[in-house]
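**Student:** Encoded as structure tokens, here's the structure I'll be asking about.
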Amino acid sequence: MKQMAIISGKGGTGKTTVAAAFAELAEQMIVADCDVEAPNLHLVLAHHVKKEAEYVGNQTARINLSHCTHCGRCEEVCRYDAVSEKVQAVEGLQGETVFPYIDSKRCEGCAACVYACPTQAIQLCPEATGKVFLSETNVGDFAHAELYLAADGSGKLVAEVRRLARDEARCQNKAVLIDGSPGIGCVVISTITGCQQVLVVTEPSQSGKHDLERVLKLTAHFRIATQVIINKWDINIEVSQEIEDACSQSGVSVVGKIPFDPMVPKAIALGYPITRYESPAARAIREIWAKISPVLTESSGGQQLSS
Amino acid sequence: MRIAISTGGCGLDKFVDDRFGRCPYFVFCDSEDPQSTAEYKDNPALSGTGGAGIAAAEYMAKEKVEVLITGSLGPNALRVINGANIPAYTASEDMTLSEAILAWKEGRLIQITEAGAAHAGER
Amino acid sequence: MRLAVLSGKGGTGKTTVAVNLALSWAPYRKTTYVDYDVEEPNGFIFLRPQIRDTSTVFLPYPEINKACTFCGKCSEACQYHALAVVGGKVLVFPELCHGCGTCGIVCPVGAVDEVERPLGKIDEGERDGLLCLQGVLKEGESLAGPVIRGLHRREKEHSSSLEEIIVADCPPGSSCSVIHSAEGSDLAILVTEPTLFGLHDLKIAVGLMREMGLDFGVIQNKDDQGTLIQEYCAQEGITLLGSIPFDLEIAKIYSRGQSLMQDRKWNDLFKTLGERIVTEVKQRKTEGEII
């Protein structure tokens, strides 16, 4: 089963525009939106939700204050500044007293306080991270998610979306197309590991170029085949050339260039992939798809398997 | 020999799961008599928060497994499996558990010496 | 005062807003620009500060000494499976370790020593009196949190009165990285663009601010004279702090990695916007005190 992820390093370069277009051109693939913190693909892929489940991927520490002796060990061992003193009302005690308080937004669920507490007053409690959905579209099934407000663990939610997509892809013998998020940290790492191919969508600006260089180091670190698309390449032809030169120097191929095209925001506003329209950007994306789609459809012999 | 195989279902007619750290179940059995010794256990690493391959490999050591059959092992899982001196063999997903055991006995399975794709970041 | 610039969606113009506002204030008040987007920091491309200090951010991980009895307690307690005890050895996986120290707490014989590995760095520099800080996560590392916390500590060394300004350029998204970069701010500036994607992600950012109890306002970038963002803000009672027009000239200046302040027109725009924001914060403070 093949998996391809579209990422960008820098945000707003056009990942979702490209992903939606590919989903439509491929017709039958499992599509996964792994930008769980700011998901947009569902806005341009007409879908209806078939399955929905809550994902509980986190644990945070909670103190049973009636067992707490206020020794201060938890605050001492916590390296995430999640424990502080706070005036709280405690069951069985009159009035309000100062007791340790664990800020769940800061708690990383490492259990240091759980083990350090001499009275076993602290426990790790599961915490809901968000919701995962499996939806039906006319171009194949679509896995996506909604991260709960201020919930921790977006990397784990991404892994869950990918698991859902992968299981569907296995059953249906299809490939997986992933729309990723900006950045190079845990969420992006969770998005690309185990993929056969990464496509990086960049733009011709100094920021785009800088972020591309960092993202290429990331995919090289994980040894994943990587190709680059320059979006809105004609906004700055010189920087586009600089990006092409930098790519050829590091042995990464630029698989295509998409021109600036006012039809792109219009298509988004109408809620359709750009490939529904006859426009310069749509033509460029079709050409790119023709070049890269064989990666996803060729026989699965010698594929890398998940561990 | 005590064998463990990663699997998607409980039954010797069920298929090998090519995922090691993230498979739903493991079957444990004696290679000489799989039918009457097979035990199916939930993969304890599945509930963990990342490092599933490491946790599953450590579980193999705790279960005193002598031979492991799975799809492939990530670099971390392989390091633990090697550390525990458990030989691991690769079987394809279209093999049933009994077919995989038979193939191993007949020496048709290849030993895993190199790591497959890493799955770091699932944390 | 501390101002956080964030967006939800990437590429809406956070850095453009944060950098140019910082430059507009710097000549008049003590201003610090802090780039919290440690995964992809871009502010320094535009500010080109003279770097005067670089420090490494380290993360501790365990090293097992000879006292070890291979009891396996460390591996059992580690939530990240960064340790495995097999075949009379303890295997350590530094790249999975979050540096929490739990293994050292549970070890009954004191066999866990801590060593450190570099995770990223913090740069400090200056440009025309503007103090500039940025955090940079090493490529291949997954934990942005320790770099962000290190940056926060560094920022606090430069204490801020109401008259001094700290501009925190936050990462995109809505994760813990965003929360930790934005918390403690007097006002959050949400930068959006008038597209369905921009609006959708603005709503997520607004929800996050309300959840955190942070005061916030919106700046519309790439304003196309449409009413999408205005209508939403009016409906929700959100202050629209200002607009930056859609302009190919801005896109070109941006693409070259230059600030917009050299151009008279944009200089005026950011000055006005900057004054509006300072007034807004002071006003909200006094109102808050009266209430």
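**Student:** Between B:Ala103 and A:Asn173, what is the label-point separation in nm under the 7 Å Cα-to-beta-carbon projection?
**Tutor:** 1.8
**Student:** What's the average, rounded to a whole number, of partner chain beta-carbon atoms within 10 Å of each residue's beta-carbon in C:162-174? Could you put the intermediate results ahead of the total?
**Tutor:** On the way: counts 0, 0, 0, 0, 0, 0, 0, 0, 0, 5, 9, 12, 9.
So the per-residue partner count for this stretch is 3.
**Student:** Also: Kindly give the semi-axes, whole Å and largest first, of the ellipsoid equivalent to the stretch A:66-139, taking each as the square root of 5 times a Cα gyration tensor eigenvalue. Show your work: numbers first, answer last.
**Tutor:** Values: eigenvalues 227, 49, 25 Å².
The answer is 34, 16, 11 Å, longest axis first.
**Student:** Please pull out the direction-averaged projected area of the stretch C:7-63, using the convex hull of its alpha-carbon atoms, in nm² to one decimal place.
**Tutor:** Working: hull surface 24.6 nm².
Answer in nm², one decimal: 6.1.
**Student:** If you don't mind, there's one more thing I want to ask. Under the definition of partner shielding as Cβ atoms of other protein chains within 10 Å of a residue Cβ, what is the mean value for peptide B:59-66? It would help to have the intermediate numbers written out before the result.
**Tutor:** Numbers: counts 0, 1, 5, 3, 0, 0, 0, 0.
The per-residue average across the peptide is 1.
**Student:** Which stretch or stretches of the stretch A:40-81 have amide N atoms under 16 Å from the point lying 7 Å from A:Ala89's Cα along the Cα→Cβ direction?
**Tutor:** From the stretch A:40-81, the list is A:65-66.
**Student:** Lysine pairs in the stretch B:2-111 8 or more apart or on different chains: how many have alpha carbons under 20 angstrom apart?
**Tutor:** Pairs that pass both the separation and distance tests number 5.
**Student:** Any chance you could tell me what percent of the C-alpha pair distances in chain C go past 27 Å?
**Tutor:** Working: 19827 of 42195 pairs.
Pairs farther apart than 27 Å: 47 percent.
**Student:** Okay, moving on. Let me see the P(r) profile for the stretch A:1-121: every Cα-Cα distance counted, bins of 10 Å, each bin given as a percent of all pairs.
**Tutor:** Reading the bins upward from 0: 11, 28, 17, 15, 19, 10, 1.
**Student:** A further question follows. Report D for chain B in µm² per second (integer): Stokes-Einstein, Kirkwood Rh on Cα pairs, 37 °C, 0.692 mPa s. Spell out each step's value before the answer.
**Tutor:** Working: Rh = 13.9 Å.
Here the translational diffusion coefficient equals 236 µm²/s.
**Student:** Here's something else I'd like to know. If the label point is 7 Å along Cα→Cβ of C:Lys285, which residues in the stretch C:194-228 have backbone nitrogen under 20 Å from it?
**Tutor:** C:213-218
**Student:** As a test, work out the antiparallel percent of DSSP beta bridges whose residues both lie in the stretch B:2-111, rounded to the nearest 5.
**Tutor:** On the way: 14 of 20 bridges.
DSSP beta bridges in the stretch B:2-111 are roughly 70 percent antiparallel.
**Student:** Separate question: Show which lysines lie in cross-link reach of A:Lys50 when reach means a straight Cα distance below 19 angstrom and same-chain residues fewer than eight apart are skipped.
**Tutor:** Result set, ordered by chain and number: A:Lys131, A:Lys174.
**Student:** Hey, quick one: spin label on C:Gln258, modelled 7 Å out along Cα-Cβ, who in the stretch C:36-79 has an amide N within reach, i.e. under 16 Å?
**Tutor:** Only C:45-48 fall inside the zone, counting backbone N under 16 Å.
**Student:** Which cysteines in chain A lack any other cysteine whose Cβ sits under 4.7 Å from their own Cβ?
**Tutor:** Unpaired cysteines in chain A: A:Cys34, A:Cys68, A:Cys71, A:Cys78, A:Cys107, A:Cys117, A:Cys125, A:Cys171, A:Cys186, A:Cys195, A:Cys247.
**Student:** A further question on this structure: Over the Cα atoms of chain A, how large are the radius of gyration and the largest Cα-Cα distance (Dmax), in Å?
**Tutor:** Values for chain A (Cα only, Rg and Dmax): 23.1, 73 Å.
**Student:** Still on this structure, please answer the following. Express in whole angstrom the spacing between the alpha-carbon centres of the stretch C:166-224 and the stretch A:179-243.
**Tutor:** Cα centres, the stretch C:166-224 to the stretch A:179-243: 24 Å.
**Student:** Separate question: Tell me what chain C gives for mean residue ellipticity at 222 nm when only DSSP H runs of n ≥ 4 count, each as -39,500 (n - 2.57), the sum divided by the residue total, rounded to 500 deg cm²/dmol.
**Tutor:** Values: 10 runs with 108 residues, N = 291.
Theoretical 222 nm ellipticity from helices: -11000 deg cm²/dmol.
**Student:** Label the stretch A:230-304 by shape, choosing from rounded, prolate and oblate, from the square roots a ≥ b ≥ c of the eigenvalues of the Cα gyration tensor; if a/c is under 1.5 it is rounded, and otherwise prolate applies when a/b is larger than b/c, oblate when it is not. Don't skip to the end; give the middle numbers.
**Tutor:** Details: a/c = 2.96, a/b = 1.16, b/c = 2.56.
Cα axes put the stretch A:230-304 in the oblate bin.
**Student:** Then there's this: Which shape class applies to the protein assembly as shown: rounded if a/c is under 1.5, otherwise prolate when a/b exceeds b/c and oblate if not, where a ≥ b ≥ c are the square roots of the Cα gyration tensor eigenvalues? Walk me through the numbers before you get to the answer.
**Tutor:** On the way: a/c = 1.93, a/b = 1.28, b/c = 1.51.
Verdict is oblate for the protein assembly as shown.
**Student:** Let me ask something additional. Taking other Cβ within 10 Å of each residue's Cβ, how do B:Thr70, C:Thr286 sort, fewest first? Could the numbers behind the result be given before it?
**Tutor:** Details: B:Thr70 30, C:Thr286 10.
Sorted ascending by nearby Cβ count, the order is C:Thr286, B:Thr70.
Here, each number is a calculation from the coordinates, and none is a lab measurement. Every value quoted in this text rests on a predicted model; they were computed, and no experiment measured them. Reconstructed Cβ throughout: ideal geometry from the backbone, glycine too, with neighbour counts over all protein chains shown.
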